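Peer 1: Provided herewith is a single structure, encoded as structure tokens, for subsequent inquiry.
Just so you know, all these numbers are worked out from the coordinates, no wet-lab data involved. Just so we're clear, the structure is a prediction, and the values are computed from it rather than from any experiment. For neighbour counting, all protein chains shown are included, and Cβ atoms are generated from backbone atoms with ideal geometry for every residue, glycine included.
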Amino acid sequence: MKLLPTVLANLFSRPATRDYPSYVREPFARTRGELVNDISRCIFCGTCARKCPSQCLAVVKDSARAEGSWSLEFFACVGCGVCVEACPVHALSQKTTHRPVAVARAVITLRAALPARPAKKDKPADNAEPAGKDEPTEKDEPAG
Amino acid sequence: MARTVIPFGPQHPVLPEPIHLSLVLEDERVVEALPTLGYVHRGLELLAAKRDCTQMIQIVERVCGICSMLHAMCYCQGLEQMLGLEAPRRARLLRVVWSELHRLHSHLLWLGLFADSMGFEALFMQLWKIRERVMDVNEATTGNRVIVSVNVIGGVRADLDQGQINWIRETLVDVEAGIKNLQATIMHDPTVGRRTRGIGVLGREAAYELGAAGPTLRGSGWAQDMRQLKYAAFDELDFEPVVETAGDCWARGSVRFRESLQSMDLVRQALGKLEGQGVGGELTVKAKAKPEGEVLTRVEQPRGECLYYLKGNGTLFLERVRIRTPTFANIPALTAMLPGLDFADVPVVVLSIDPCISCTER
């Protein structure tokens with residue numbers, strides 16, 4: 001009975017829920033969503049893979065072919081943002097939205113040429129040379 | 001009279017997580033309750049040997065799906081103690097803000113589930129509607145609703161600007177008004193009273209002897225709260241534990257209800273101190289050494305005392321992480337409350353200790 005005033009107030013007030021999916025709330029600016037790598041800036045140092053708590057990242061540096069690959073198993077990614085903070089060249093970033101639902105487990109692999117020379121530690125990484133002419137390639141490979 | 005054994009759980013409408021109770025009944029009356037655990041063990045403590053001590057922050061956060069921030073805070077405090085660091089004042093105040101917001105949304109969640117356990121769906125919906133506002137604050141200020149990931153060894157990762165502080169204050173005004181609107185229903189409604197008053201009584205002595213923790217202990221008249229240890233920035237804040245003496249389900253509900261109001265007060269106090277400090281300022285201190293030695297830390301989770309034992313051996317990997325969560329401490333108390341009750345009261349009493357089984361089993 002004590003809830004009656006609240007129930008009556010609810011009858012004459014706007015609904016508390018949104019009419020999803022016809023209306024979707026804008027994400028907050030700080031929301032940690034999908035992880036993106038600007039592969040043209042990546043120097044394939046592997047810091048992100050070492051720091052990742054869920055070990056969803058793998059970085060392979062192929063010096064013989066002057067090519068590096070960065071792969072993300074996005075089903076394992078917990079979106080903590082540790083890699084984004086650790087990236088010395090600020091190639092990693094997070095969107096405010098999440099990746100759409102996937103039906104199959106997959107790995108995103110990005111490949112690019114290795115940078116011409118390793119970025120110096122004392123030099124801010126934003127000025128690093130764009131890495132080679134190879135276009136970044138994205139392909140989904142089913143995981144083992 | 002012939003005895004019947006009724007299995008309660010691990011899948012039961014009232015239980016958010018799996019725990020099994022074998023209830024021995026005589027007619028409709030519970031004679032004995034035997035708990036079985038182990039349905040959601042994930043081996044998180046053992047991961048400490050495979051992940052380094054900074055990666056473990058994100059792992060211990062996943063011990064609990066409701067009060068994640070407090071687990072990470074307890075772990076980081078332990079490591080800071082081991083490394084001889086002290087987090088900057090601003091970081092400690094921010095930890096209070098987020099930990100109390102976690103307590104607030106956890107208590108609102110529990111009050112909703114408690115209402116649901118006695119079939120009061122309308123109250124459940126109202127409380128969860130209010131809780132969403134707190135979750136929005138969490139998401140906007142940290143980047144995630146529950147697993148906030150703000151703690152690092154030596155401080156916090158995120159800061160609040162003046163706009164956000166004002167917005168949190170405004171939101172808390174609405175949340176407080178919403179909760180106070182429901183105060184009469186939660187505390188004085190005859191229907192709620194009939195399902196909770198005098199049900200599942202845990203006496204003062206029994207609570208102490210069985211090692212109960214948190215609101216279960218405070219509902220039985222003990223003013224014991226780990227925030228009295230003055231961790232984080234609680235040394236600067238005005239704080240008194242909330243205590244009830246009846247020891248029944250109503251008293252435990254009342255403690256949590258009053259604590260949710262108290263949490264808002266603590267958030268406001270901490271925000272005031274942050275404003276006094278001005279915007280900006282150091283958020284972390286850098287750790288230079290590797291963890292070595294043994295440390296025991298405690299924080300007050302929404303469910304009670306949470307204890308972390310950490311053992312470092314001078315490498316990046318900890319040798320042992322031992323987590324004791326409050327629900328584990330409250331299960332013996334629960335088995336002592338159940339005998340003598342009607343079978344229909346069991347769901348309400350089980351919910352009254354706020355069981356968090358994933359925490360318990362880690």
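Peer 1: Over the Cα atoms of the range B:33-107, each weighted equally, I'd like the Debye log10 I(q)/I(0) at q = 0.15, 0.24 Å⁻¹, rounded to two decimals.
Peer 2: Values returned for q = 0.15, 0.24 Å⁻¹ are -0.63, -1.16.
Peer 1: For the range B:205-362, report the convex hull volume of the alpha-carbon atoms normalised per residue, in Å³, without decimals.
Peer 2: Per-residue hull volume (Cα only) is 141 Å³.
Peer 1: Something else: Sum -39500 (n - 2.57) across every DSSP H segment of at least 4 residues in chain B, then divide by the residue count to get the 222 nm mean residue ellipticity, nearest 500. Kindly include the intermediate steps, with their values, before the conclusion.
Peer 2: Details: 13 runs with 170 residues, N = 362.
That calculation yields -15000 deg cm²/dmol at 222 nm.
Peer 1: Can you compute the modelled spin-label distance between A:S63 and B:Q162, with each label point 7 Å from Cα toward Cβ, in nm?
Peer 2: With each label point 7 Å from Cα toward Cβ, the separation is 5.4 nm.
Peer 1: So what is the relative contact order of the range B:3-361, in percent, for Cα pairs below 8 Å that sit 6 or more residues apart?
Peer 2: Relative contact order for the range B:3-361 comes out at 26 percent.
Peer 1: Here's another thing I want to ask about it. Got a sec to turn the phi values of the range B:97-106 into Karplus ³J(HN,Hα) couplings, 6.51 cos²θ - 1.76 cosθ + 1.60 with θ = phi - 60°, whole Hz, x for Gly and Pro?
Peer 2: Using θ = phi - 60°, the values come out as 4, 6, 5, 6, 5, 5, 4, 4, 6, 5 Hz.
Peer 1: Just add up the charged neighbours of A:C80: K/R +1, D/E -1, any other residue whose Cβ is under 12 Å from the Cβ of A:C80.
Peer 2: Residues close to A:C80 contribute a combined charge of +2.
Peer 1: Next up: Give me the orientation-averaged projected area of the Cα convex hull of the range B:48-150, in nm², one decimal.
Peer 2: Reported value for the Cα convex hull: 7.4 nm².
Peer 1: For A:T97 and B:A122, what is the calculated FRET efficiency with R₀ set at 51 Å and r taken between the beta-carbons, to the nearest 0.05?
Peer 2: So the FRET efficiency works out to roughly 0.90.
Peer 1: At 7 Å along Cα-to-Cβ for each site, give me the label-to-label distance between A:Q55 and B:H188 in nm.
Peer 2: About 5.9 nm separates the two model spin labels.
Peer 1: Do me a favour and compute the ellipsoid semi-axes for the protein assembly as shown from its Cα gyration tensor, root of five times each eigenvalue, largest one first, whole Å.
Peer 2: Semi-axes (√(5λ), whole Å): 43, 25, 24.
Peer 1: If I model a spin label as a point 7 Å beyond the Cα along the Cα-Cβ vector, how far apart are those points for B:E28 and B:A2 in nm?
Peer 2: The modelled label-to-label distance comes out at 1.9 nm.
Peer 1: Can you count the Lys pairs in the range B:3-361 with C-alpha separation below 30 Å, eight or more apart or on different chains?
Peer 2: Close lysine pairs under the 30 Å cut-off: 18.
Peer 1: Continuing with the same structure: Determine the equivalent ellipsoid of the range B:112-223 by diagonalising the alpha-carbon gyration tensor, then write out the semi-axes as square roots of 5 times the eigenvalues, largest first, rounded to whole Å.
Peer 2: Working: eigenvalues 209, 98, 30 Å².
After diagonalising the Cα gyration tensor, the semi-axes are 32, 22, 12 Å.
Peer 1: Net charge around B:V321, counting only other residues with Cβ within less than 14 Å of its Cβ (Lys, Arg = +1; Asp, Glu = -1)?
Peer 2: Value of the local net charge: +4.
Peer 1: Next question. Evaluate E = 1/(1 + (r/R0)^6) for B:L37 and B:T245, where r is the Cβ-Cβ distance and R0 equals 30 Å; express this FRET efficiency to the nearest 0.05.
Peer 2: Using R0 = 30 Å, I get an efficiency of 0.50.
Peer 1: Same structure, new question: With all pairs of different alpha carbon atoms counted, what Kirkwood hydrodynamic radius in Å does the range B:3-361 show?
Peer 2: 20.9 Å
Peer 1: Nearest 0.05, what FRET efficiency do B:Y309 and B:A206 give at R0 = 41 Å with Cβ-Cβ as r? Write down the numbers at each step before the final one.
Peer 2: Numbers: r = 27 Å, r/R0 = 0.66.
Calculated value: 0.95.
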